[in-house]
Amino acid sequence: MLKFRIKLKEILKDRGITQKKLEELSGVPQSKISNLCNNKFQKLNITTLKKLPMHYISKTFLY
């Protein structure tokens, strides 16, 4: 099984973007964004990730 961490919380902080603003930009519910920020997920839905406006976030989203 592949394991990884999402750096969304740090990236949003660095960019000055709130979870609520990201919800408005992407249509992804804030609760899902919160789970991504806190790495609280068991399955990662690629469709959800594709909805996130990467030009507002970063190309170095995962590590």
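The values are calculated or read from the model by the stated rules, or taken from the named source; none is laboratory data. Everything numeric here is computed off the predicted structure, so don't read it as measured data. As a convention, Cβ positions derive from the backbone with ideal geometry for all residues, glycine included, and neighbour counts pool all protein chains shown. The accessibility values were calculated without ligands, DNA or RNA, using every heavy atom of the protein model including side chains. Shrake-Rupley method; radii C 1.70, N 1.55, O 1.52, S 1.80 Å.
Within the set of pairs 6 or more residues apart or between chains, which connect a residue that is under 20 Å from LYS43 (Cβ atoms) and among the charged types (D, E, K, R) inside segment 4-32 to a residue that is open to solvent by less than 80 Å² (accessible area, probe 1.4 Å) and assigned to a loop (DSSP other than H, G, I, E, B) with Cβ atoms less than 6 Å apart?
The qualifying pairs are ARG5/ASN39.
For the condition modelled with pLDDT of 85 or more and open to solvent by 90 Å² or more (accessible area, probe 1.4 Å), what is the one hit in LYS43, LYS21, LYS51?
Details: LYS43 fails: modelled with pLDDT of 85 or more; LYS51 fails: modelled with pLDDT of 85 or more.
Matching residue, one of LYS43, LYS21, LYS51: LYS21.
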